[in-house]
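In what follows, a structure is listed as structure tokens, so that the remarks can point back to it.
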Amino acid sequence: MTQHDTPTLHTHVHHHPELGLRDYWHALLAQRWLIVGITAAIVLVALGVTLLMTPSYRATSTLQIEREALNVVNVENLMPAESPQDRDFYETQYELLQSRSLARQVVREAQLANDPYFRPLVDKVTAKFDATHPEGGKQSPERQAAVERALMAALLDGLEIEPIRNSRLVRINFDSPDPRVAAKVANAYARVFIVSNQQRRMQASAFATKYLSERLEQLQARVEDSERKLVAYSSQEMIVPVGEDKPSLPAQNLSELNALLAGAQDQRIKSEAAWRQASRGDGMALPQVISNPLIQQLRAEQVRLNAEYQQKLSTFKPDYPEMQRLKSQMTEVQRQINGEVLNIRQALKAQYDADSQQEQLMNERITALKGDELDLQTRSIRYNLLKREADTNRQLYDALLQRFKEIGVAGNVGNNNVSIVDGADVPSNPNMPKLPLNVALALVFGLFIGIAVALLRFLLRDPSEPARA
């Protein structure tokens, strides 16, 4: 075989000239009946499916959930305040609304096992259970639990929790082919959620009350024991309490004696100065002598006798009887003056001795009180420890007792933070299926499929062939 005899393989590839929007438009226009057919077929299929679907009715109940309940026992904070933890709190509430435990309570509270709508489901579950557990009775807990689980699953399938944005409201939606059942379950969910919320709070309050009651008994015993020790120690050590922030009795006496000692020292200094002045000279210059009326009278008599004596001395000799008489009177007057001065000196000396003695006694008493105060402070170390322990126990007991009373009052108020805003009414129109919506979606989807098929046929055709329907 020569080179010219080698067979040549020809591949037929359709090369389309560059297409514009006008070409696509003409292609779609040429295949318009294909597009209409596909769209009509899809719309008819959607219409048939929608008409064959079982109508579903939606009932809605609305709840208001507060972060905290109204604080009735505190007027200033009657309304609950906002908190950064609000988001977590409300998310928790929404999850509780969708919990299996709440669904079980709804099944029991609404007695759904006896509802005619759920009878086929209950019969199916009981028949299956009786077949697998022939030894179990009709009232066995396992059989009832199986029925409740099936009803719970049915409830959770039809339940939808819808929080209302930027509010404390939440909608409880329940979908069911039976409008009566939809309203019944939606209302039951609202009631049961409020009851379960109250039960949780009551359980927490009961636990707190029980715990605080036990703690109060323990603290009461500790208060009695600490106060008993304090009284016994104060009696043993003869410690007399005088009140908070007040000095002890020795300290009070010491303060008073210090004030008296200052006065006594001042008085002793004055009496000492007076005595020192009186102990020097003849004492005639003493203020007490100068101010003494008797001495002044005697000195005046002495001056008169001395003048009379000097007057008669020019006439009579000193040994003359008259002169002797005057001399004797003058001597007697001087003796009386000296006696009075001596009495004044002795009085000043006695005053000085008395003041010194009083100062000394006060110093001795103050020294004794200082010792008593130091001894009391030493003995008060243990007393203060016992007193602080008793005071601390008493404060803890009082605070706990106040909290116990507050919890008791708040528990009796009916603490609840959830309320029903709107109950669910029996719906009159089905919620699903939505015929206009389904037809509109089928129309849009059919047009899309028709256009896609038409364009695909146009691109896969032979370029030499004209576009045709």
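General observations
- Farthest towards the positive end of the charge dipole of the range 249-413, among the residues GLN311, PRO293, TRP275, is the Cα of GLN311, using unit charges on the Cβ of Lys, Arg, Asp and Glu.
- Among 389-401, 169-181, the order from most to least packed when residues are scored by Cβ within 10 Å on average: 169-181, 389-401
- Dipole moment magnitude, nearest 20 debye, the range 249-413 about Cα centre, only Lys, Arg, Asp, Glu C-beta charged: 160 debye
- Between TYR24 and ARG149, the contour length at 0.36 nm per residue exceeds the Cα-Cα span by 39.1 nm.
- Given LYS128/LYS184; LYS312/LYS349; LYS229/LYS405; LYS270/LYS370; LYS317/LYS349, the pairs whose alpha carbons are separated by over 32 Å: LYS312/LYS349; LYS317/LYS349
Readers should treat all values here as calculations from the given coordinates under stated rules, not as data from a laboratory. The shown structure was predicted, so the numbers you read here are calculated from the model rather than taken from an experiment. We place every Cβ from the backbone using ideal geometry, glycine too, and count neighbours over all the protein chains shown.
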